[in-house]
Structures are given as C-alpha cells and as structure tokens.
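What follows is a single structure, written as structure tokens, with notes after it.
Please treat every number below as a calculation from the coordinates, not as lab data. None of these values were measured; they are calculated from a predicted model. Using ideal geometry, Cβ is built from the backbone for each residue, glycine included, and neighbour counts are taken over all protein chains shown.
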Amino acid sequence: MFEQTFKNIDDILHKDAGCGSELDYVEQTSWVLFLKYLDDLEKDKQTAAELSGKTYEKIIDKKYQWTTWAAPKLENGNTSTRLSTRIDHNALTGDDLVDFVNGELFQYLKKFKTNAENANTIEYKIGEIFSELKNRIQSGYNLREVVNLIDELRFRTHKEKHEMSHLYEGKIKNMGNAGRNGGEYYTPRPLIKTIVKVVAPQIGNKIYDGAVGSAGFLVEAFEYLKNVKTHSRVSLSTTDTDTLQKKTFYGKEKKSLAYIIGIMNMILHGVEAPNIVHTNTLAENLADIQEKNRYDIILANPPFGGKERAEVQQNFPIKTGETASLFLQHFIKILKAGGKAGVVIKNTFLSNTDNASIALRKELLNSCNLHTVLDLPGGTFTGAGVKTVVLFFEKGKPTQKTWFYQLNLDRNLGKTNPLNENDLAEFVEFQKTQKESENSWTVDISSLSVAEMDLSAKNPNTLEEAPLRQPAEILKNMTELDKESATILENIKSLI
C-alpha cells in the first residue's frame, strides 16, 4: 500500500513546476506525510485517554487539523455522527488550497516553536520543522492529489508504522542518486545495524551523532534498544520508554534539509521529540566541552572530503581542513571516559603521512582503545567512489592491540547489488572473540613506527603474488619459446 502510494506521489510531483528532483519529492512528501501521521498519532492518544477515563486535548487547533483542511469527510447519510471514507468534494483545492497552506497553515505551525514549553516536546519539533520547510508544490491541484493519496494511508497499528518507516527510509536512500549532495544523507542500513550491534548500547546511555544527516544511526539504535528487551522476553517499563523518548538520542546537523528529514525520520519511527539541533558541530570549540556535555555512545558517519574555513579550524588542537578529521577530534573529546564509539571514516586516515593525520592517529591511540577496524570494500557507499573503514574504540585507556577485519566479498558492490547484513555476519561473530582468520588479524601497536603510526589495513594472511620478472629474463624465455616453436614447425613440414 505505502510503496505504490509513494510511487504515485512521485509521478504527481514530477509534473509540478516547483519540484525538480528526488530531494524535492522527499521533502514535499515528508511534510504532508508528517501531518497525516500526526493526526493518526493524536487519534491514538485520544483513544488511550478515553480508555483510562481521561480527556485528551489535541495539539493542533480544529481549523488546522488534517480532517478539517486536508481531508474533510462526507457524512454517510445513515447517521449524522458517522462519516464516510470519501473526501468532501468541497474540500480546498487549486489556488485556494495553496493560499491556505502557504498563508495560514505553515504560519500557524511555525509558532509552535516559540509557544512550546521546552525543546524536548513534539510541539517544539513541529515548530522547527515548519520554520525550516516551505511548500514547493505550486499547483494546488497537484497538492490536492498528493493529500488525497496520503489520506488513504494509515499509521495506527505497529505493522503499518513499521512498513511506512521502512519505505520512508527507502525514499531517503533515493536522495543519494539525486545530486545536490543527497548521498550525504544516507549510510547503508546493513552497515549501520552492524555498527550498532558491535557497539551494543544499553538503555540509559546517551547516544550521539554529531553529523546526524537523516538520523539513520539514531533510528537503528532506537530499534536495537527496543528489540533487546523484546528478544529477552522483557517488556519496556514506563521508565525505559520515557528514557528512550527524552534522554537517549542526541544529534547535530548543519544542513537544513538533512536536519528536517532527520527529525521527521525519528518521529515517524516513534521518537516524538528527538534532541536534534540545527547547528554546525565543528563551530564548537573543543576547549569549551565539559563533562556535562559528554555522551556514552557515539555512532556516526561524518562527511569526508569537505573543507572547513580557517576560523573553524581554530576550534581544534590539530589544525586541518579535512572535515572528517575535525569530526573525529570532536568525537574523541565529547565521548565520556569508558564511552564507546563506532565511526565511519575514509581508509586513507589509517596511513596518510601529513602531520595532521599522524597527530590525530596518535591522539586516538593514546586516549582511546581502538580495539577493532572494519575494512570495507569499494562500492559500499553507492556513487561515493572512496574506500572506507569503521573505527570501533573505547575512551579512557591507550590502544595496545587492534583487531582488523577485511570484508572480502565474491561480488562487486553497487546500486543493484548493495551490501547486506549477511555480508557482515562473519565480522559480527568473529569480532566477539577477535578471532584470527584469512580475513582477520591483530596488530600490536608497539610494533608500529613511532614516527608515523601507520595503521594501514594490510592483511598478512593474503598470499603474496609472485614477484615480477626482470626484462632480461622475459626476453630469454621468449627466445627459448621461439626456438621451440621453430622446431615444431620444422617437424610438421617434414610430415607433409
């Protein structure tokens, strides 16, 4: 149901003058989808309140509720209290609909940010979302079609919510093929799930992603924490639920669209007020980070290849324009003692010989236990064109030994043949005991050159290729083969 609806919506938006790419399709589908989801969420809360003999006051005023402006329903005719599933033909459409959405609805929803009690409320997040977003759908008739399609969706049961959130992730993934740096917003979910499994957060941990993007790491950490208790046949307590909702997930994001998509992704997955802030993480001076600012768990895939201005670099003891290296310094500093991290970074970080890279490797190895490095094959990130590794480390004691695992697959990864969880199953199993195999090995840090601390993922178990022969030897072999060929030809001639 959801998949076909999303396809139909994309077809409509493709025809609209205000939407030019997959990024626009995701953005515009998101705000309409969010308001419908919010309406169903309020219905669930109202039902729950009534069952317990309480009253529930809806967040949205009557005029701006979904069932008033978007999908007013016709009465059945049998009774004045029951409505049909058909939208009233007098519902706003065309210019009237666009004027209402742009001139009234968005203006009303923006005010939630200033009127909310605090930032840890769904009201505040509603205000943030609609302060950042704009309705780009220019045709009110196209908007009416989109609204009608989304009104047919239901987000009431667990199964419905799960299906919708899964397909929404798929839409975010498609942003990676849409240009405008869309790929920055998406890390392959099998990789994220694997990183979360290895880091193994617990309920009560504060989990942080300083380059949150579409919040994939936080979403998967939420799913993991919910399922850990479910699989152990223990239900989440009221305290656990409150902790997961308000005191667990934290993130920062610089780019407006990614920030909004991240918030909505978290809400659509069930975290009503994610602690995601719209800011440039790297603008924060490392010297200003105090113990109260630190986190138990860091899960992240910071952007790499970018360059930061000189004034931003002044916030860091190791000066470099490489964005990922600045983020790694930030993560090391903001992680609590005893805290755990799983961070994706370019594989060149392990071996670069510039002063900043060497200094950063030394900082990581001296202040943290870099216990595991996962070396990923090319093609893991569709269209990225770079090789990456995942660094797993714990803060508080220096590294003595690092276990490496090189993911060697019998196929090339790509858009039509992406990474899957089965590909990473052996890594997860072997990592528990840091087992040595043809794909895994351990490096004693004391054996490294103190000058460079080169951590290159060089698998010692790979059979060495035969050395190249010298030119003189090749020429000698060619001469011998020529003589042999000549002899065979003479023998053939004598037989004719």
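Among Gly20, Asn118, Val343, pick out the residue whose Cα is farthest towards the positive end of the charge dipole of the chain, where Lys and Arg carry +1 and Asp and Glu carry -1 on C-beta, about the Cα centre. Among Gly20, Asn118, Val343, the one farthest towards the positive end of the dipole of the chain is Asn118.
Taking 0.36 nm per residue of separation and subtracting the current Cα-Cα distance, fully stretching the chain between Thr462 and Gln138 would add 110.8 nm. With angles folded into 0 to 90 degrees, how steeply does helix 2-14 sit against the dominant principal axis of the chain? Use alpha carbons for both and round to 10. It is inclined by approximately 90 degrees. The spacing between the stretch 99-118 and the stretch 362-437, judged by their C-alpha centroids, is 45 Å. Between Arg86 and Thr416, the modelled labels are 4.5 nm apart [label points 7 Å from Cα along Cα→Cβ].
Peptide packing for 290-300, 252-262 was compared via the average number of neighbouring C-beta atoms within 10 Å per residue; ordered from the highest value, the list is 252-262, 290-300. When both the stretch 218-279 and the stretch 127-178 are represented by their alpha-carbon centers, they are found 19 Å apart. In the stretch 1-180, Cα pairs under 8 Å separated by at least six residues give a relative contact order of 31 percent.
Seen through its C-alpha gyration tensor, with square-root eigenvalues sorted a ≥ b ≥ c, the stretch 1-180 comes out rounded because a/c lies under 1.5.
For helix 355-367, what angle does its Cα long axis make with the longest principal axis of the chain, in degrees from 0 to 90 and rounded to 10? Here the helix axis deviates by roughly 80 degrees.
Quick one: net charge of Arg189's neighbours, Cβ under 14 Å, K/R +1, D/E -1? In short, -1. Rounded to the nearest 20 debye, the dipole size of the chain about its Cα centre is 1020 debye, using +1 on the Cβ of Lys and Arg and -1 on the Cβ of Asp and Glu. Only one residue of Phe404, Pro303, Leu376 has its Cα farthest out toward the positive end of the dipole of the stretch 181-490, where Lys and Arg carry +1 and Asp and Glu -1 on Cβ, and that residue is Pro303. A helix-only calculation puts the chain at -13500 deg cm²/dmol for mean residue ellipticity at 222 nm, using -39500 (n - 2.57) for each DSSP H run of at least four residues, averaged over all residues. Over 21 Å apart at the Cα level, from the set Lys206/Lys336; Lys193/Lys362; Lys43/Lys226, are Lys193/Lys362; Lys43/Lys226. Taken about its Cα centre, the stretch 1-180 carries a charge dipole of about 300 debye when Lys and Arg each add +1 at the Cβ and Asp and Glu each add -1 at the Cβ. Peptides 161-172, 135-146 ranked from most to least packed give 135-146, 161-172, packing being the mean of other C-beta atoms within 10 angstrom over each peptide's residues. Between the listed residues Thr487, Ser256, Gln329, the Cα displaced farthest toward the positive end of the dipole of the stretch 181-490, a dipole computed from Cβ unit charges relative to the Cα centre, is found at Ser256. Per residue, the average separation of C-alpha pairs within less than 8 Å and at least 6 apart gives the chain a relative contact order of 11 percent.
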